[in-house]
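Okay, so here's the structure we're looking at.
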């Protein structure tokens, strides 16, 4: 027995998270930096050897230092680039401020309203996750509102070019379930300007989990928006690929060029950033035409599931993910 | 305390596998069906609640019942379809016989030689993994040789249309390390017919692990073959996306249509299977044009790593994955 | 990274068992030999590196090859030696047959009836745990009855010198809960001959778990029997010390010599086995005077808990352990 | 799937510790309060649901809030009560200050010197483990020296009534290995006053681990001291029973009354604390005559191991525990 080596490997501090009741990931834990039961959820910030600092809500990873950019760029940029010139952005959830950070990279953007329910989360992210929160926090175009995103959007009289929902997955006990209902998507549709784009994180998008809620969210958005797309991205700290749904408020007969030809994405990025390739490289660590192609080229099993999906999520027919 | 529920969740039989020393997956275990230390490795067949029966060599998952088709179709079909009419196929490793199963789906195929080092593995797969092994085992076009794949290929005087290497990852102690050397790739190149296609599984291909060996394998194949492509596929029982490298023995200035336009793949499948859509649906559970597009559309971080990769794997400069 | 060593330690097959919802043990798993859902419970026989083969019912360890003798000797011998000359023994539960094995070591014993609910358990132990089952199985003095121990005892017209209850812990869903009620203890008392001794396994007996059910079982036995003692023994495969309760059907004013002076135990053993020290050594791997002293010398925290215990277990006031 | 319950049980933060490479305990983790790599070791203070705050050195639990009193009373009081009137006490290691706390409970004690190598440990315990450290820290009879215990003792010209070694287990890489050598025990013997008592923690003392180092430590102390006793105590946060060895500097033919009759212990406690039963109850949460009897009544397997032990630990024949 080589004691040191064995102790090293056998005595562990670990965070284990589940994808299903039978399957999940484990991560060696370096530190727990923050822990508080807020009014809404158990909030922790931990540090793992693999992914650095991670925001954990009710024991589920929300964002990790090392790969959050994969998630936040994937959530934000397709919508921002499909809209021809986004000026006004509404974000629900997203207490890390990293979704706001991505939207604020666009010069055209004049106003971002971020509405998160839980002040404890926002404050903890500002203190412990500066990589995610600092840039947005310092940007005067951002207004942070601590309130229910659904109510805030409904009561606001503003119209929006892009609406991004970056809230917790639809679980039974969660406060955010109403943000996945058809009726709410209709309200978002109504609040969007012409050409407006809506995107929502849609839960697990991998082989194992894409039918938990992603296909239903897609089907529900599709029941409201003329153009709807599901796409997925590997985010390793989530233990599985992740899904996103985009809805576009354009007449049905209008083409969406980014969906026809992925080189459009590179051209559009270039146009928005004045062809400044250094700026583009620094702005987009993940997103470009080929990454876009990978995200929107769905494997056959997901396409089959989308075809077979009949559920539409309403108050009376909620779908809860695991 | 609801005792039954807690015991149910807290008392567990689990298989944990690592992607890195700090990060891996866990799977609830139903049964261990087989366990034997062979001359070459620790061989087990386990059953997990999530993925069914799994072949485990030296504690690493090789194939799992529920998602093996993602791996085996991804390994096999791009090469089989890029070759205009594969008749003779050489397979190294692949003791589950599922890679052979995929190649034997093509009517054009006249002879498949599968060469695996470990009779214990092949016999266990025939007994415990009939889904993977049965169809190939019953096919008279298949010859199984229990021997070192490298030596067998070198000593054979046959030429091959497609060569598939489906052996264990390059690890220090593994017997297969020489199957990843440039000199072996040169021999494969020499044994291929004109138009010949080579494909090798290339280890982890996700965000976390793609630099362990995949980029080096790609670079090494590229030093031998005129056309070389890396591609990746989600295989959830592996805990991370997986990588494959394809090398094509065609003059450099020849186009590879499947790499230009993924609708070519659907057309080619249709052609090979006489437009029989039911047969096609039953033959390809995963692979088609759009799945192909997702596999070959690499995310930016992998493209960056490929660009920066300078290692070529030779006897004197081996690269061992974790 | 030394890959072999890391894989060795980081890729694991493990059985984890809980003492409480927050605390338990883990054991590296070699094999699962048997798995069946019987009419009553989930039955498995596993093999761990530390403790060899283990019988697992509803995911809780019942007996392990390497340390079962600690449990079975502790359960059996104090009762057998306190009774001056046990001839007739009734055993409830104890499907491993190891409790029977211990009682059959006494020449005075003429008849042992073992009554276990679950034929699947008994058969699996006979097949896979010969160390525990073989000797008893071959002994003609043993009668095995597959039936409810409580009903069988109640309906029998025999009287018994020693009654041993070796059934699963009192959990809500368990079939054996009635075997822990005061009314059943009264029936046992009535079925015992004069000088009769009753002993029951009593669940966890360590610092953490002794108040789960052991103190209540003690208090309930004490409400029926004139002399009652709780004792504990380390059984490492259980993850915690284990408790036993003994009740003696002797007038209150009679002395129990084994409780006064532990050298009595050694003398009594010698007497029963005709001073044959080799036989004694082979018969008792664990039990002797000093081991007895350790088992009956309770630490202060258990004595305090016994003093403060007021619960008596009846049909209307069951106590369920975790 | 009841999501909340499953997430609750399946997503976990856990500390796992090994008893052997194949067997250990797991504890649900609430928080990591402190983490620092000191000059000598990895120092952490964690909080677990089961045992509260725990000092962890090189990933091994040293003391836990909920059960440290079992360890510290067992280490300290037998020695303190065997000595007729301890005035001067030397403690090696014991950075939690809880061993000092126990010795300072005796009015007779005039001076306690505690010598720990690692200031980081002592400071962390003072800050985060006040239950263990506060009382001793405030007591003017205690002198804390940050230095090597062995050197400090050797260089001191004082004589001691009681010497207590409370240092890390003898592992290969550990700084404390020399504190387990026969030559050091001889020096302790020489520095003890007449009637002097030496006690050392001796590593695992349970069924599984007592031969790792406890039997050798016992044998080594016995090669120096006229009277030597091994004893064990359940300390659940250690995952196994723990061992202690006591050596008494009294002529061989002198009786040690506490070893003959455990009621002596109760009488002696009463004498030392003037029969003040409230004071005694508050002073000794664990230790009294019957607890003493349980600790010194060794089970047969340990007695057999002691009998068969021939190793004596010297610089040339070190014994490393797992």
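Placing a label point 7 Å from the Cα of residue D:138 along the Cα-to-Cβ direction, the distances to the matching points in the other copies come to 4.8, 6.8, 8.3 nm, shortest first. Label positions at residue A:159 and residue B:316, each projected 7 Å from the Cα along the C-beta direction, are separated by 7.0 nm. With contributions of -39500 (n - 2.57) from each DSSP H run of at least four residues, the per-residue ellipticity at 222 nm computed over chain D stands at -9500 deg cm²/dmol. The residue C:49 and residue B:119 beta-carbon pair, evaluated with R₀ = 25 Å, returns a calculated FRET efficiency of approximately 0.40. DSSP assigns beta bridges within the stretch D:68-308; of those with both partners inside it, close to 40 percent run antiparallel. Classification of chain B by its C-alpha gyration tensor yields a rounded form. The axis ratio a/c (a ≥ b ≥ c) stays under 1.5. In the protein assembly as shown, the DSSP beta bridges split such that about 65 percent are antiparallel, to the nearest 5. Spin-label model, residue C:134/residue C:151: points 7 Å from Cα along the beta carbon direction are separated by 3.5 nm.
Round to the nearest 10 and give me the degree value, 0 to 90, for the angle of helix D:263-272's Cα axis relative to the longest principal axis of chain D. For D:263-272 against chain D, the angle is about 80 degrees.
Quick one: go through the stretch C:110-132 and flag any residue whose amide nitrogen is under 13 Å from the point 7 Å out along the Cα-to-Cβ line of residue C:285. Correct set: C:130-132. As a length-normalised measure over Cα pairs under 8 Å and 6 or more apart, the relative contact order of the stretch B:182-298 settles at 25 percent. For the pair the stretch B:201-242 and the stretch B:87-144, the centres of their Cα atoms are 23 angstrom apart.
Judged by the ratio a/c of the largest to the smallest principal axis of the C-alpha gyration tensor, the protein assembly as shown counts as prolate, that ratio being 1.5 or greater while a/b is larger than b/c.
Against the longest principal axis of chain C, how steep is helix C:119-128, in degrees 0 to 90 to the nearest 10, with axes from Cα atoms? Once rounded, one gets 70 degrees. On C-alpha positions alone, give me the angle between the axis of helix A:182-191 and the longest principal axis of chain A, in degrees, nearest 10. Once rounded, the angle reads 60 degrees. Summary value for chain B: 16 percent relative contact order, contacts being C-alpha pairs under 8 angstrom separated by 6+ residues. On the principal axes of its alpha-carbon atoms, the stretch B:26-92 has extents of 43, 30, 16 Å, going from largest to smallest.
As a rough footprinting exposure proxy, the listed residues B:39, C:309, B:127 were ranked by other beta carbons within 10 Å of their own, and the order from fewest upward is B:39, B:127, C:309.
How high is the relative contact order of the stretch B:13-62? Use alpha-carbon pairs under 8 Å, at least six apart in sequence, and give a whole percent.
27
Shape index of the stretch A:81-179: Rg/Rh, with Rg the Cα radius of gyration and Rh the Kirkwood radius from the inverse mean 1/r over Cα pairs, equals 0.96. Using Cα springs under 10 Å in a Gaussian network model of chain A, which residue among A:200, A:220, A:20 shows the largest mean-square fluctuation? It is A:20. Quickly work out the residue D:254-to-residue A:270 label distance, labels modelled 7 Å from Cα along the C-beta direction, and quote it in nm with one decimal. It is 9.6 nm.
Taking the label point 7 Å along Cα→Cβ, residue C:37 and its counterparts in the other copies are spaced 3.5, 3.6, 5.0 nm apart, in ascending order. Each of C:285, C:14, B:101 was scored by other Cβ atoms within 10 Å of its Cβ. Arranged with the fewest first, they read C:285, C:14, B:101.
In nanometres and ascending order, the distances from the residue D:186 label point to those of the other copies are 6.8, 7.1, 9.3 (point 7 Å from Cα along Cα→Cβ). If you build a Gaussian network model of chain C, linking Cα atoms that sit under 10 Å apart, which residue out of C:92, C:24, C:247 swings the most? Of C:92, C:24, C:247, the Gaussian network model singles out C:24 as fluctuating most. What does the C-alpha gyration tensor say about the overall shape of the stretch B:224-322? Classify as rounded when a/c is under 1.5, otherwise prolate if a/b is larger than b/c, or oblate. It is prolate, given that a/c is not under 1.5 and a/b is the larger ratio.
Bear in mind these aren't lab numbers, they're just calculated from the coordinates by the rules spelled out. Note that the coordinates shown come from a computational prediction; the quantities given were computed from them, not determined experimentally. When we count neighbours, we look across all protein chains shown, and the Cβ atoms used for this are built from the backbone with ideal geometry, even at glycine.
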